[in-house]
Amino acid sequence: MAAKKATAKNALALSKEQFKDSIVKHLRSTLGTDEARANNQAWWKATCSAVNELVFDRLTETSKANAENDSRAVHYLSLEFLMGRLTVNNLHNVGVFDAARDALTDLGKDINDICDEEPDMALGNGGLGRLAACFIDSLATLNYPAVGYGIHYEHGLFRQEIQGGRQIERPDSWREYGNPWEICRPESIQEVPLYGYVETVFGEDGKMRKVWHAGRQIKGVPWDIPVVGYEAKTVNVLRLWESKAADFFDWDVFNAGGYVDSQAEKSQAEAVSKVLYPNDESEQGKELRLIQQYFFCACSLKDIIRRYKRNHTDFSQFSKQAVIQLNDTHPTVAIPELMRILIDEEGLVWDDAWKICSETFAYTNHTLLPEALEKWAVYLFEKVLPRHLEIIYEINRRFLEDEVEAKWPGNDEMKRHLSIIEEGETRMVRMAFLCVVTCFKTNGVAAMHSELVKQDLFPEFCELWPERFENVTNGVTPRRWLLACNEELASMYTDLVGDQWPRDLTLLSKANEFADDAKFQKKFMDIKHTKKVQLAKVIKDLCDVEVDPNAIFDIQIKRLHEYKRQHLNVLHILALYRRLLENPNYEMNKRVFIFGAKAAPGYKLAKDIIYAINKIADKVNNDERIQGKLKVVFLPNYRVTLAEKLFPAADVSEQISTAGYEASGTGNMKFALNGALTLGTLDGANVEIAEEVGDENVFIFGLNCDEVKALKAAGYNPWDYYYGNPELKAVLDWLETDYFTPGAPGELASIKQSLLEGGDPYLCLADFASYSEAHIAVDKMYSDKKGWARKAIINSASVGKFNSDRSIEDYVDRIWHLEKVMPN
Ligand code: TH1
């Protein structure tokens with residue numbers, strides 16, 4: 001025991017005794033209870049309040065330093081921030097985790113039980129939202145002036161229950177009983193107009209002006225969440241907007257005697273920030289979603305401008321002071337909104353306003369999937385944001401008549417092709433085009449993805465403006481994804497390389513020198529075993545399935561989507577099961593296949609795949625003939641807090657998307673960092689992970705991106721693979737029987753159908769044989785204990801590049817050009 005720990009240093013750090021006093025004081029004076037009566041919830045809140053004495057102080061110092069320096073800042077606009085829990089992370093970053101743990105122990109409490117009281121802040125769907133959370137952590141750690149802007153959803157991503165094997169969605173209520181981390185800022189409330197019409201008026205000077213007469217007004221109430229950088233020098237804010245009925249509106253109706261009507265108005269206004277849309281990478285075109293987007297963009301821009309105006313009387317310095325990063329196209333409406341403010345409210349002429357916008361906004365693209373590329377119906381825009389539609393038309397007119405005409409003179413087909421407005425039965429606004437036309441930079445999120453963004457998504461734009469396109473490979477914060485979630489491995493690394501690795505993750509490469517050292521290997525694999533024992537207990541509690549910690553833990557955790565191919569994993573599990581049934585002596589290491597995934601509520605096939613996994617798990621786990629060699633586990637309600645228990649316990653990381661479809665992936669990085677070996681396609685950041693850790697330390701299989709394109713172009717026929725591979729045919733046919741759903745044949749048939757009649761759009765059948773062989777290689781390799789340990793160590797030691805601090809420094813160098821500000 002008593003291994004050294006990487007502990008953030010902080011001059012303000014509390015001793016154990018001070019921490020104890022502070023917790024007890026807050027139990028009494030903040031929570032209105034005492035040590036004898038307090039429940040764990042109260043203990044948790046008192047602990048948070050004790051840390052907040054430090055955190056809020058740093059928050060104030062940081063905003064003072066930024067105001068005094070009048071520093072350039074990045075504003076990260078995102079509809080999603082998947083923060084997870086904050087307590088353990090903040091304790092680590094402030095550098096008082098040990099003091100808090102010991103204080104609570106003295107007070108008769110286990111810090112794990114206390115921290116388990118915290119609900120996840122699940123204000124995001126998956127990778128895109130979690131990336132935003134890692135980025136604001138890194139921005140604070142690196143002392144960059146930054147504000148995250150988003151929506152204060154009352155309900156985050158739904159809680160998933162599994163009933164009879166099927167997903168049921170339950171509302172998430174993360175702040176039902178109050179959240180000690182957030183601060184309401186009524187002094188910064190903003191008003192947001194909606195609907196109505198546009199009037200053209202001529203001033204006395206003869207100049208034409210546009211006046212938007214809104215049909216409704218709602219107000220945005222900001223809630224600030226402190227973002228504590230490592231060692232807590234800088235504490236930035238995440239500012240989340242909650243929608244409320246505008247005061248005057250209530251009063252008007254109320255005075256007219258319409259008390260009930262005013263309540264209806266109120267609930268309409270409050271609906272805007274009520275719930276996060278649960279669709280990952282599929283766009284739905286719902287009016288409320290457009291209003292959500294506009295609502296938070298309008299509030300955020302007003303906030304940015306208010307802060308700018310404290311030190312400036314005109315807009316000439318605006319784009320020097322502020323850069324606005326659009327996290328995918330979801331906040332694109334901020335572009336016409338800034339144009340509207342500058343022209344209609346501030347009186348700038350078009351060209352000046354346009355110059356400011358095109359120097360202020362930058363856009364990150366996160367996907368190439370057609371169904372995720374946002375388009376809004378023109379009629380919807382016209383109804384909700386009539387003035388913004390006019391502005392978009394004008395942006396488009398100038399773009400087509402000036403830029404496109406100059407490059408491709410007289411080419412009307414090219415104009416149609418590149419127009420921000422898509423013609424057709426329902427005319428649509430193409431949000432990604434609006435971004436690329438406006439923004440000074442457009443970036444993809446992994447090297448391969450950024451190339452595809454240029455070649456496949458925006459080839460003509462890239463011809464027009466090659467200098468606008470960048471890559472910034474994603475990253476993950478080592479504070480949450482190693483220091484906080486894997487204490488054991490974290491302290492082993494601190495013993496080895498000192499306590500600076502949570503900042504500079506490339507320091508871990510020192511462990512490569514010990515990859516063949518028997519003692520080091522044993523220590524490393526003992527930790528892996530410990531984490532597997534801990535996970536086995538979680539699995540027992542949640543699923544009532546016994547799993548052997550000596551088995552290979554093979555994990556696929558991510559949103560459920562056909563392109564991510566959880567069903568390819570399922571087909572292989574069925575093949576293994578069949579082999580075991582046919583040959584009880586089939587040689588293999590014990591294997592546990594673990595899944596965690598939420599399906600979008602309206603995504604039928606995704607839900608069917610969850611059902612199939614659960615039904616197959618029931619059968620396999622209770623089949624004595626296979627002597628426990630194979631187990632299948634579906635963990636319900638996958639979320640950040642569960643992820644923190646899964647990454648450290650994994651042997652194999654399943655990253656099996658069809659090549660060309662996963663923009664980056666970030667789970668792949670967390671797995672490797674914690675010593676799991678990637679079993680994956682050459683897709684997204686897998687490519688760069690393989691580069692860093694070496695091809696011999698990953699299991700790559702399947703078609704590459706060019707081969708996928710070529711096969712599709714040649715006319716892919718899944719039936720060829722069905723008839724050509726008897727094992728594949730057998731497992732697909734199995735899905736149609738009632739073997740896994742006794743008495744109800746056909747319940748799993750939709751999967752087979754999508755893969756045959758449905759044309760297998762993601763080429764599961766084409767990659768099956770190669771995937772199956774890769775699994776045999778995994779199994780063989782695992783039998784060589786030393787060989788496996790060596791590879792696990794090399795993986796963990798070699799992924800320093802995927803620190804989100806590195807991603808942020810890339811954004812700063814290539815796009816944001818910020819300077820660090822050191823608060824006092
Ligand atoms: C994800 C990408 O699928 C993933 O590959 C990437 O690592 C991650 O973003 C972070 O860059 C995306 N999530 C969403 C969610 C929505 C729309 C598009 C994407 S792309 C709602």
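For segment 202-221, backbone nitrogen atoms closer than 14 Å to the point 7 Å from TYR259 Cα along Cα-to-C-beta are found at no residue. Legend: Rg and Dmax of segment 525-802, from Cα coordinates, 17.7, 52 Å. Counted by Cβ distance under 12 Å from MET588, the other residues give a net charge of +2, where Lys and Arg count +1 and Asp and Glu count -1. Taking K and R as +1 and D and E as -1, what net charge do the other residues with C-beta under 9 Å from the C-beta of ASP120 add up to? Once all neighbours under 9 Å are counted, the net charge is 0.
In a simple Cβ point-charge model (Lys, Arg +1; Asp, Glu -1; nothing else charged), the chain has a dipole of about 1680 debye relative to its Cα centre.
The Cα trace of segment 66-204 gives Rg and Dmax of 20.5, 76 Å, the first to one decimal, the second as a whole number. Taking the charge dipole of segment 298-418 about its Cα centre, with +1 at Lys and Arg Cβ atoms and -1 at Asp and Glu Cβ atoms, the residue from ASN411, LEU348, ILE304 reaching farthest to the positive side is ILE304. Residues whose amide H lies under 5 Å from that of LYS441, counting only those 5 or more places away or on a different chain, are TYR363; hydrogens are built 1.01 Å from N in the peptide plane. Along segment 30-42 the Karplus relation, 6.51 cos²θ - 1.76 cosθ + 1.60 evaluated at θ = phi - 60°, assigns HN-Hα couplings of 9, 9, x, 9, 8, 4, 6, 9, 4, 8, 4, 4, 5 Hz to successive residues, with x for each Gly and Pro. Once both labels are positioned 7 Å from their Cα atoms along Cα-to-Cβ, the gap between LYS604 and GLU696 label points is 5.0 nm. Please give the net charge around ASN69, taking every other residue with its beta carbon less than 15 angstrom from that of ASN69, where Lys and Arg add +1 and Asp and Glu add -1. Result for the local shell: +3. Derived from the Cα gyration tensor, the three semi-axes of the equivalent ellipsoid of the chain are 43, 35, 26 Å, largest first.
Based on the Cβ-Cβ distance from ALA730 to ALA710, what FRET efficiency comes out when R0 is 30 Å, to the nearest 0.05? So, using R0 = 30 Å, E works out to roughly 0.55. Using Cα-only point scatterers and the Debye equation, what is log10 of I(q)/I(0) for segment 532-606 at each q in 0.18, 0.23, 0.24 Å⁻¹, rounded to two decimals? Those come out to -0.89, -1.14, -1.16, one per q. For segment 367-425, the equivalent ellipsoid built from the Cα gyration tensor has semi-axes of 22, 17, 10 Å, listed from largest to smallest.
All of the numbers you see were taken from the coordinates with simple rules; none came from a lab. These numbers were taken from a predicted model, which means no experiment stands behind them. As a convention, Cβ positions derive from the backbone with ideal geometry for all residues, glycine included, and neighbour counts pool all protein chains shown.
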